[in-house]
Amino acid sequence: MRRIALINQKGGVGKTTITTNLGHALALVGHRVTVIDLDPQGQLASSYGIFRAPSKGIDQVMLKSQDPASVKQGIRDMLTLIPAGNRLQEIEYLHDGGASRARLLKQALDGVLDDQAFVLFDCPPSSGLLVANAIFAADEALIPVSGDHMSLNGLAKMLITIKKFEPYLDKPLRKWIALNRYFPRRRLSMEVSEKLRKHFPDQLVNTPIREAAVIAECPGIGRTIFEYKPGSQSAKEFQTLATELLEGDPG
């Protein structure tokens, strides 16, 4: 099983979009996938068409030691969701427990979901306890970066955050960087792409996810790109991203 945290301290880079569509892409080629919403906004459920957000989810697992099996739900063939739940934000304000607060998720998932090929964590745009829990629970980090300089700053800060945690991890996180919301004809996007290829050649996935109206339309109708426009360029890009994750070996 591979556990991948979708993280970036900057908002608006497409973490939920990538989690939604990457999860479905992996499921469509026969892998069992669980997606876990670690963002208190709880938008992952609605991205799959669950517009009335479940009141219980990973919050109960982390706060009440509830069995993850009791809050997960099948949403597509081979694809399972564990939603955020109403109380997930409370994790950020925990004061008791010291360093163990950052390992609540890891402890809750140890020996659980072992039948899954992938577990994807959709993380909030922060560097707080929820992101710390994702880092401790994951084996890999996928960091989406949009085609602008502020997103590059977010990447730099995220890498610093990961580096601070690495001495306390069982093993270093394998790191991926995905260029998302990319405008191939925009000079700024090209500059960002060139910088990423120069400084992170071994971590950057080869195919960027371009900005496209069809991707922006998907959450409003609760469908993935493979359900809404399966023949689109965007669908092909997410298929390629899934293939790279399956075949690649990042540093």
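Arranged from fewest to most other beta-carbon atoms within 10 Å of their beta carbon, V205, V131 become V205, V131. The relative contact order of the range 161-222, computed from alpha carbon pairs under 8 Å that lie at least 6 residues apart in sequence, is 38 percent. Of L44, L88, L169, the sequence from fewest to most neighbouring Cβ atoms within 10 angstrom is L169, L88, L44.
Modelled spin labels at H95 and F183, positioned 7 Å past Cα toward Cβ, are 4.6 nm from each other. Within a straight-line Cα-Cα reach of under 22 Å, K229 can be paired with the following lysines, leaving aside sequence neighbours fewer than 8 residues apart in one chain: K15.
Subtracting the Cα-Cα distance of D139 and R103 from their residue separation scaled by 0.36 nm leaves 11.6 nm. Only Cα pairs under 8 Å and 6+ residues apart enter the sum, and on that basis the relative contact order of the range 2-243 stands at 27 percent. When +1 charges are put on Lys and Arg Cβ atoms and -1 charges on Asp and Glu Cβ atoms, the dipole computed for the chain relative to its Cα centre reaches about 540 debye. Of the options (i) 19.5; (ii) 18.7; (iii) 18.0, only one is Kirkwood radius over Cα pairs in Å as computed from these coordinates, and that is (iii).
Going from the fewest other Cβ atoms within 10 Å to the most, the residues I143, I91 appear in the order I91, I143. Applying 0.36 nm per residue to the separation of D115 and N206 and subtracting their alpha-carbon distance, the gain on full extension is 29.8 nm. Could you run the Debye sum over the Cα atoms of the range 82-150, one equal point scatterer each and no solvent, and tell me log10 of I(q)/I(0) at q = 0.15, 0.27 Å⁻¹, two decimals? Each listed q maps to, in turn, -0.57, -1.42. For the chain, give the share of DSSP beta bridges that are antiparallel, in percent and rounded to the nearest 5; count only bridges with both residues there. The antiparallel proportion sits near 10 percent. Projected onto their three principal axes, the Cα atoms of the range 66-214 cover extents of 49, 38, 27 Å, largest first.
Note on the range 140-251: Rg/Rh from C-alpha atoms, Kirkwood Rh, equals 1.00.
Taken together, the values in this text are just the output of simple stated rules run on the coordinates, not laboratory data. This is a predicted model, so every value here is computed, not measured. Please note: Cβ atoms are built from the backbone with ideal geometry, for glycine as well, and neighbour counts cover all protein chains shown.
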